[in-house]
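*Asks:* Structure in structure tokens, see below.
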Amino acid sequence: GTEPSHMHYENDENYFRGYEWWLMKEAKKRNPKIKLIGLPWTFPAWIGKGENWPYDYPDVTAYYIVSWILGAKQYHDLDIDYIGIWNERAFSSKYIKLLRYTLDKHGLQQVRIIASDRLWEPISFVLLLDSELHGVVDVIGAHYPGTKTVPNALLTKKKLWSSEDYSTFNDEVGAGCWARILNQNYVNGNMTATIAWNLVASYYEELPFGRCGLMTAQEPWSGHYKVEAPIWITAHTTQFTQPGWSYLQVDGHLEGGGSFVALTDGLGNLTIIIETMTHNHSQCIRPPLLHFSVTPQRATFYLKGSFYMVETLQVWHSRLGFESGNSSLFQQLHPVKVWKGSFSLDLNVDEVYTLTTLKTGQKCGCPEPPPPQPFPSNYKDDFNIRNPPFSEAPNFADQTGVFEYFINASDPGDHVFTLRQVVVQRPITWASDADQTISLIGNFQWVNMTVTCDIYIENQRDGGVFIAGRVDNGGIYVRRTKGVFFWVFADGTYRVTGDLAGEEILMKGLSGVRDNVWHTLTLNIQGTSASGLLNGYPLWENVTISKPSNGWAAIGTRSFEFAQFDNFHVE
């Protein structure tokens with residue numbers, strides 16, 4: 001879905017939109033040492049002055065990015081540690097150098113630059129050729145590197161990160177994937193950071209990449225959530241290390257397959273993490289995983305130098321059970337005695353061990369979350385909230401455009417508090433956004449439904465809005481979204497279409513709808529038939545619906561245009 005920018009328009013600045021500010025503050029409460037990284041996926045249109053490209057006016061783009069970093073500090077006391085360039089898209093050397101200059105000019109020398117959040121090349125090659133660029137890029141970040149790097153990246157002597165990885169369904173295979181790459185990104189590829197996309201699966205599961213988060217919390221209406229296996233795999237590393245610890249440069253390949261890493265804080269503490277994930281139980285969504293074999297083995301470790309004095313190591317253990325179903329996640333076992341600098345462990349397959357000098361570590365005894373519940377089958381929102389905690393209404397999932405709470409100061413009273421679509425130019429896109437704006441809500445399994453909403457077209461002549469049901473898609477596939485869409489336009493016409501693009505016309509005619517007047521639309525879908533009401537009176541009926549057979553409710557606009565919605569109701 002889409003996320004609201006801090007600057008929708010050139011003369012607009014707002015550092016209280018979206019959920020990220022809240023999320024970053026919550027993260028810092030739990031671990032003040034956590035690092036914060038900003039990376040643009042897309043940019044508002046005004047950055048490109050009409051072109052779908054953020055580098056023609058690099059000073060404008062740098063100003064936009066630096067404003068966000070300054071706003072994080074000014075309004076939320078958040079220090080952004082790293083800033084990226086453009087997610088999985090081209091980079092511009094000129095822009096990167098200007099970004100560094102702009103950061104420094106604003107006293108942000110401590111903010112480091114990561115590039116280019118795509119592949120190892122061409123960024124590594126360009127860094128070797130361009131000494132000025134080499135001087136301003138601190139980290140090479142690659143996405144889904146499959147635990148491997150390339151010679152040029154090593155030659156740059158930069159920190160190497162897997163700056164986006166995982167993206168895998170969060171069952172036990174996802175946990176196996178995560179356990180394997182957390183170790184092997186360093187063991188095979190010298191990467192000292194691995195970042196999971198995404199953190200928490202808090203979006204409708206039937207959208208693309210459903211449940212591809214480390215844990216699942218996709219029912220805000222019930223409060224149900226699930227701490228999935230990847231969370232406890234994460235804990236094996238993150239509870240016993242911190243940013244600033246260093247990897248020991250040892251060959252971490254185990255003879256019987258699997259891997260280990262060792263880290264130290266430089267103050268005498270040592271943490272060793274071992275994984276023995278088998279091929280079929282650790283496949284990530286990408287890239288394809290070449291075959292390898294892992295067998296049960298006895299491994300002996302030798303501690304040398306200052307670690308020779310270590311006498312005992314605390315032990316934490318996970319075993320992924322898969323078919324057997326008897327998984328054990330993040331259990332503390334008896335400490336291991338180190339005898340004259342050495343100890344041995346019997347390792348089975350699909351296991352993770354942490355051995356550490358740290359006495360910390362905990363598997364929280366959290367209260368049981370509330371039981372799962374489907375989305376309410378009768379749901380209303382009148383958007384009448386004076387000081388909302390967030391800029392957007394709950395449960396609406398914007399897929400193109402941004403729908404925000406709005407206060408209509410001039411309204412006589414019925415529609416003072418509304419929901420307004422506020423993106424009025426197509427952004428510099430990352431994915432293939434739709435040409436229309438759309439926000440989804442409800443339960444993907446819904447079949448029969450009545451959707452009612454008050455609508456207000458702001459664009460004269462060519463403005464238009466819709467309400468919809470049985471909507472079947474979003475995210476990166478939003479352009480091919482199907483459903484039952486009831487449109488009204490400022491020119492006084494209406495349409496019923498089977499798709500968001502508006503190409504499959506099921507019915508059309510005159511409605512008498514005008515811009516800058518409130519109207520009430522009602523869409524009723526029962527079985528294979530749909531009908532529509534305008535201001536409570538039938539406008540069209542008996543339109544035959546073949547597919548999709550189920551889906552969400554939705555609201556949206558014909559183009560990137562201002563429009564308002566009020567008194568939304570779905571049953």
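*Asks:* Looking at the stretch 108-202, what helices (runs of 4 or more DSSP H) fall wholly within it and have at least 2 residues that are closer than 26 Å to F292 by Cα and at pLDDT 95 or above?
*Replies:* Working: elements: 123-129, 131-136, 151-155, 172-187.
Hits in the stretch 108-202: 151-155, 172-187.
*Asks:* I would also like to ask the following. Please specify each residue of the stretch 316-333 satisfying the condition of being out of contact with any Asp or Glu (no Cβ under 8 Å at 6 or more places or on another chain) and farther than 15 Å from W178 by Cα. Write out each step before concluding.
*Replies:* The initial filter retains those residues of the stretch 316-333 that are out of contact with any Asp or Glu (no Cβ under 8 Å at 6 or more places or on another chain), namely 316, 323-326, 328-333.
Correct list: W316, E323, S324, G325, N326, S328, Q331, Q332, L333.
*Asks:* What's the number of the only condition in (1) out of contact with any Leu (no Cβ under 7 Å at 6 or more places or on another chain); (2) surrounded by 15 or more Cβ atoms within 10 Å (Cβ to Cβ) that H279 fails to meet?
*Replies:* (1)
*Asks:* Would you pick out the residues in the stretch 432-447 that are more than 23 Å from I385 (Cβ to Cβ) and in contact (Cβ under 8 Å) with a residue 60 or more places away in the chain? Talk me through it step by step, then tell me what you get.
*Replies:* Let us first name the residues in the stretch 432-447 that are more than 23 Å from I385 (Cβ to Cβ), namely 432-436, 443-447.
The answer is D433, A434, D435, Q436, N443, F444, Q445, W446, V447.
*Asks:* Further, regarding this structure: Could you go through the stretch 347-365 and let me know if any residue there is part of a strand (DSSP E or B) and open to solvent by 30 Å² or more (accessible area, probe 1.4 Å).
*Replies:* No, because not a single residue in the stretch 347-365 is part of a strand (DSSP E or B) and open to solvent by 30 Å² or more (accessible area, probe 1.4 Å).
*Asks:* Could you check the stretch 309-346 and list, in sequence order, the residues that are among the acidic types (D, E) and not in a strand (DSSP E or B)?
*Replies:* Across the stretch 309-346, the qualifying residues are E311, E323.
*Asks:* Same structure again: Please go through the stretch 252-275 and give me each residue that is under 14 Å from F301 (Cα atoms), touching a helix residue (DSSP H, G or I) at 6+ places or on another chain (Cβ under 7 Å) and open to solvent by less than 20 Å² (accessible area, probe 1.4 Å), ordered by number.
*Replies:* G252, S259, V261, L270, I273, listed by residue number.
*Asks:* A follow-up question, please. Considering only the stretch 459-543, give the strands (runs of 3 or more DSSP E) lying wholly within it that have at least 3 residues that are over 34 Å from the mean Cα position of the chain (by Cα). Break it down into steps so the answer makes sense when it comes.
*Replies:* Details: elements: 464-471, 482-489, 493-499, 505-510, 518-526, 529-534.
Answer list for the stretch 459-543: 493-499, 505-510, 518-526, 529-534.
*Asks:* What tally of residues in the stretch 119-133 results from selecting those that are farther than 21 Å from R180 by Cβ, surrounded by fewer than 18 Cβ atoms within 10 Å (Cβ to Cβ) and either in contact (Cβ under 8 Å) with a residue 24 or more places away in the chain or of a type in the set (D, E, K, R) (or both)? First the steps, then the outcome.
*Replies:* Keep residues of the stretch 119-133 that are farther than 21 Å from R180 by Cβ, which gives 121-133.
Keeping just the survivors that are surrounded by fewer than 18 Cβ atoms within 10 Å (Cβ to Cβ) gives 121-122, 125, 128-132.
If we keep only those that are either in contact (Cβ under 8 Å) with a residue 24 or more places away in the chain or of a type in the set (D, E, K, R) (or both) as well, we get 121, 125, 128, 130, 132.
Going through the stretch 119-133 one residue at a time, the tally reaches 5.
*Asks:* Here's another thing I want to ask about it. Look through the stretch 31-56, keep the residues that are under 22 Å from E164 (Cα atoms) and among the basic types (K, R), and return whichever of them is least open to solvent (accessible area, probe 1.4 Å).
*Replies:* K35
*Asks:* It is to be established whether one or more residues within the stretch 429-436 are of a type outside the set (D, E), open to solvent by 40 Å² or more (accessible area, probe 1.4 Å), outside any loop (DSSP other than H, G, I, E, B) and closer than 26 Å to M7 by Cα.
*Replies:* Step one: filter the stretch 429-436 for residues of a type outside the set (D, E), giving 429-432, 434, 436.
Narrowing further to those that are open to solvent by 40 Å² or more (accessible area, probe 1.4 Å): 430, 432.
From what's left, outside any loop (DSSP other than H, G, I, E, B): none.
No, that holds for no residue.
*Asks:* Determine whether K148 is surrounded by fewer than 18 Cβ atoms within 10 Å (Cβ to Cβ), in the same structural domain as V60 (by the TED database) and touching a Phe, Trp or Tyr at 6+ places or on another chain (Cβ under 8 Å).
*Replies:* On the way: surrounded by fewer than 18 Cβ atoms within 10 Å (Cβ to Cβ): yes; in the same structural domain as V60 (by the TED database): yes; touching a Phe, Trp or Tyr at 6+ places or on another chain (Cβ under 8 Å): no.
Answer is no for this residue.
*Asks:* While we're on this one: List pairs: first residue in the stretch 66-82 and assigned to a loop (DSSP other than H, G, I, E, B), second residue open to solvent by less than 10 Å² (accessible area, probe 1.4 Å) and among the β-branched types (V, I, T) anywhere in the structure, Cβ distance under 8 angstrom, at least six positions apart or on different chains.
*Replies:* Short answer, once both residue conditions are applied: I80/I69; I80/V111; D81/V111.
*Asks:* Cβ-Cβ under 6 Å, sequence separation 6+ or interchain: first residue in the stretch 506-517 and without any contact (Cβ under 8 Å) to a residue 24 or more places away in the chain, partner among the basic types (K, R). Which pairs?
*Replies:* K508/R495
*Asks:* Pick from E311, E323: which is at pLDDT below 95, surrounded by fewer than 17 Cβ atoms within 10 Å (Cβ to Cβ) and among the acidic types (D, E)?
*Replies:* Numbers: E311 fails: at pLDDT below 95.
Unique residue meeting the criteria: E323.
*Asks:* Would you call A115 aliphatic (A, V, I, L, M), under 24 Å from E3 (Cα atoms) and either in contact (Cβ under 8 Å) with a residue 60 or more places away in the chain or touching a Lys or Arg at 6+ places or on another chain (Cβ under 7 Å) (or both)?
*Replies:* No.
*Asks:* Looking at the stretch 178-190, can you tell me whether even one residue there is farther than 15 Å from S259 by Cα and either surrounded by 21 or more Cβ atoms within 10 Å (Cβ to Cβ) or hydroxyl-bearing (S, T, Y) (or both)? So that I can check it myself, show each step before the final result.
*Replies:* Initial filter on the stretch 178-190 (farther than 15 Å from S259 by Cα): none.
No: the stretch 178-190 contains no residue that is farther than 15 Å from S259 by Cα and either surrounded by 21 or more Cβ atoms within 10 Å (Cβ to Cβ) or hydroxyl-bearing (S, T, Y) (or both).
*Asks:* Quick one: in the stretch 225-251, of everything that is among the hydrophobic types (A, V, I, L, M, F, W, C) and assigned to a helix (DSSP H, G or I), which residue is most open to solvent (accessible area, probe 1.4 Å)?
*Replies:* Of all residues in the stretch 225-251, those among the hydrophobic types (A, V, I, L, M, F, W, C) come to 227, 229, 231-233, 235, 240, 245, 248, 250.
This time we only want the ones that are assigned to a helix (DSSP H, G or I), so: 229, 231-233, 235.
Working: A229: 13, I231: 46, W232: 31, I233: 4, A235: 6 Å².
Here the answer is I231.
The values are calculated or read from the model by the stated rules, or taken from the named source; none is laboratory data. The structure displayed is predicted, hence computed values, not measured ones. We place every Cβ from the backbone using ideal geometry, glycine too, and count neighbours over all the protein chains shown. Quick note on the areas: whole protein, heavy atoms, side chains included, nothing else; ligands and nucleic acids left out. Shrake-Rupley method; radii C 1.70, N 1.55, O 1.52, S 1.80 Å.
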